[in-house]
Each structure stands twice: as C-alpha cells, then as structure tokens.
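Undergrad: The structure that follows is given in the form of structure tokens.
The numbers here are math on the coordinates, done by the rules we state, and not lab data. Remember, predicted model here, so these are calculated numbers, not experimental data. Quick reminder, even Gly has a Cβ in these numbers, built from the backbone with ideal geometry, and neighbours come from all protein chains shown.
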C-alpha cells in the first residue's frame, strides 16, 4: 500500500485517535482537525492527498465544511471521504464526496477507499 498524507476531521477524540493510530500503522502521514474551520486551516497548511471527514461536526456540519474546501482553488482537487453514522446526512452528501462510508467502518474498507481516492486518474 502506498503512503499518503491524510487529514482526519472528527470532533470525537476517541474516533480521531483510533483513525490516527490505524493510518500511522499503515505508514500514512496523518494530520488532524476537530472542526470544519480547523480543517480548512490544516488543509491549506499541509495540502493533504486525501481528507477523511466526519459529517457531524460542531458549528459547521461536514457537508458545509466540504463545500468550503471544494470552493478553495488550492484544495478543490483533494478527494474527501465522508465518515458518518447518520444515513440521513449521508443521503445529502451524494456527489460531494469521493466516497461515503458508514461508521464504524472496517479498517480494510477505509484503507482501500483511501488507496482508491489517491490513485491517479487513468490517462
């Protein structure tokens, strides 16, 4: 599996730590944010290869945060994988995210989604 820079956005510290541990174990470079505003700031600083975003975030939900990332010219190309335990929110996310995964997500499913999101487009 290749190494990627992954920005993990989740306000739940337990979930965030679990994702960080999993991704670091697989040799990814991992950064973290707890909110949509923090995510935009971190993404601009680190230019991640992929973003993992919880859809239930404080003050700004993950869908609004994803739109903010998409509108920024330096970040519009970065794939965003949504993670959610809410099927209602997931239904609103169609087309905005590279993929929408249900929480809890099996580790192998998440790792394969990251690999697919970061794979170069065919020529």
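Undergrad: Per the Kirkwood definition applied to all pairs of different Cα atoms, how many angstroms is the hydrodynamic radius of the chain?
TA: Evaluated on the chain, it is 14.1 Å.
Undergrad: Mean residue ellipticity at 222 nm from the helices of the chain, using -39,500 (n - 2.57) per DSSP H segment of n ≥ 4 over the full residue count, to the nearest 500 deg cm²/dmol?
TA: Working: 5 runs with 52 residues, N = 123.
Taken over the chain, the calculation gives -12500 deg cm²/dmol.
Undergrad: While we're on this one: Sort 100-107, 5-12, 65-72 by the packing proxy (mean of other Cβ within 10 Å over each peptide's residues), most packed first.
TA: Ranked by mean Cβ neighbours within 10 Å, highest first: 5-12, 65-72, 100-107.
Undergrad: Let me ask something additional. Within the chain, what percent of beta bridges assigned by DSSP are antiparallel, to the nearest 5? List each step's numbers first, then the result.
TA: On the way: 0 of 17 bridges.
Here the antiparallel bridges make up roughly 0 percent for the chain.
Undergrad: Using all C-alpha to C-alpha distances in the range 1-57, build P(r) with 5 Å bins and read off the rounded percent in each one.
TA: Calculated over all Cα pairs of the range 1-57, the distribution is 4, 22, 33, 25, 13, 3, 0 percent.
Undergrad: Then there is this: Specify the residue with the greatest mean-square fluctuation among 51, 81, 29, computed from a Gaussian network of the chain linking alpha-carbon atoms under 10 Å apart.
TA: In the Gaussian network model the winner is 29.
Undergrad: If you stretched the chain out fully between residue 29 and residue 103, how much longer would it get, using 0.36 nm times the residue separation minus the C-alpha to C-alpha distance?
TA: 24.4 nm
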